[in-house]
Amino acid sequence: MAGRLRNRLLNTDTGLTDRPDFALVGVLRIPEFEQSPWRAIYQRILIALTTLFVAAMVVYVDRDGYADNQDNQLSFLDAFYYTTVSLSTTGYGDIAPITPSARLVNILVITPLRVFFLILLVGTTLSVLTERSRQAFKIQRWRRNVRNHTVVVGYGTKGRTAIAAMLGDGVSASDIVVVDTDQSSLDAASNLGLVTVQGSATRSDVLRLTGAQYAASIIVATNRDDTAVLVTLTAREIAPKAKIVAAVREAENVHLLRQSGADSVVVSSETAGRLLGIATTTPSVVEMMEDLLTPEAGFAIAEREVERDEIGGSPRHLSDIVLGVVRDGRLVRVGSPEVDAIEADDRLLYIRRVSN
């Protein structure tokens, strides 16, 4: 079954990762923060004045190659005046280059600056082209540098909650990439500063576009269990070393996720059902569990390394409330004889107090 699914996935590849960066604008979006329009105008004016000053300095350095109608020696004010009328294409003709070197400088320096100056002035007209070019450059830089990030497949209720938990635990928004087919969901993710990719994560080229092959972890939070199996199978093939966490609705599909390569599987319907059942008799227990699962305030379940003075001691005698010990990638609950003595390579699962 896995072989047939893999062949099916490979046959749907369209080579997104083979496209040039400018062709990915709209598919892969790098978030950017809006700035004040007055600040944008100020920056453009500053760039324009800098361009004028640079061109004026070029002319002034070569002032002996220019002449005006009165045959006077050019001052810096004359050079700045000539640069202004030249870059704005006004061209009164009262100052002109007369030597070959001055004319060569006009060809190689002043003319390119004139073109740049005009583009700067009509930047509003070229805003679409400028935006696409800027996005293409950001995509190129992001794809070259992205490493050890987290890919979240699906930005529904489960995906949004998972991302909120990661952000609450201090994970940077720039280290999270969201994959979804719904543009409105991607817009909401982009507003949080998350990198987004539009497409189906069942296709390997879409996952490669997220940098999944370099990801530290992949969260599969799709709305359908069969889609979750396909995504997990594709992700495991692309990222054999990444930690894959998947959510399913039905417990009977857990073994399919495991066989597809998921390291951890969460059954969302059964978890919600257990909480509903507990809430009928002991609602305060549910409130405490919600508090532990919400990292913003109150208490939270966290994991940390063992401190030097804790090695050899019992996890039950620490100041922190330790729930379990992670040893060799396996969780052992407190109370088990094998974790009566803490080892240096262990990690402690404990309850952490979170301030507002």
**Study point:** Label-to-label distance, nm, for residues given as D64 and F299 (7 Å Cα→Cβ offset)
**Key:** 8.5 nm
Review point. What FRET efficiency, computed as 1/(1 + (r/R0)^6) with R0 = 22 Å and r the Cβ-Cβ distance, is obtained for L323 and A272, rounded to the nearest 0.05?
Key: 0.50
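Given the Cα-Cα distance of T281 and A165 and 0.36 nm per residue of separation, how much length would full extension add, in nm?
Full-extension gain reported as 39.0 nm.
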Practice item. Once you have the Cα-Cα distance between T157 and T50, take 0.36 nm times their residue separation minus that, and quote the gain in nm to one decimal. Key: 33.5 nm
Review point. Once amide H atoms are placed 1.01 Å from N in the peptide plane, what residues at a sequence separation of 5 or more from V332, or on another chain, have their amide H within under 5 Å of its amide H?
Key: V325, V326, R327
Review point. To the nearest 0.05, how large is the calculated FRET efficiency for E343 and R316 if R₀ is 22 Å and r is the Cβ-Cβ distance?
Key: 0.90
Practice item. Subtracting the Cα-Cα distance from 0.36 nm times the residue separation, let me have the gained length for R144 to T84 in nm, one decimal. Key: 17.5 nm
Check your understanding: Which value in nm describes the separation of the simple spin-label points at S172 and M289, placed 7 Å from the Cα toward the beta carbon?
Key -> 3.6 nm
Check your understanding: Applying 1/(1 + (r/R0)^6) with R0 = 22 Å to the Cβ-Cβ distance of V27 and A188, what FRET efficiency is obtained, to the nearest 0.05?
Key -> 0.80
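For the ranges 301-313, 150-162, what's the packing order if you count other beta-carbon atoms within 10 Å of each residue, average per peptide, and put the highest first?
Result, highest mean first: 150-162, 301-313.
Just so you know, all these numbers are worked out from the coordinates, no wet-lab data involved. Everything numeric in this text was worked out from a predicted model, so none of it was measured. We place every Cβ from the backbone using ideal geometry, glycine too, and count neighbours over all the protein chains shown.
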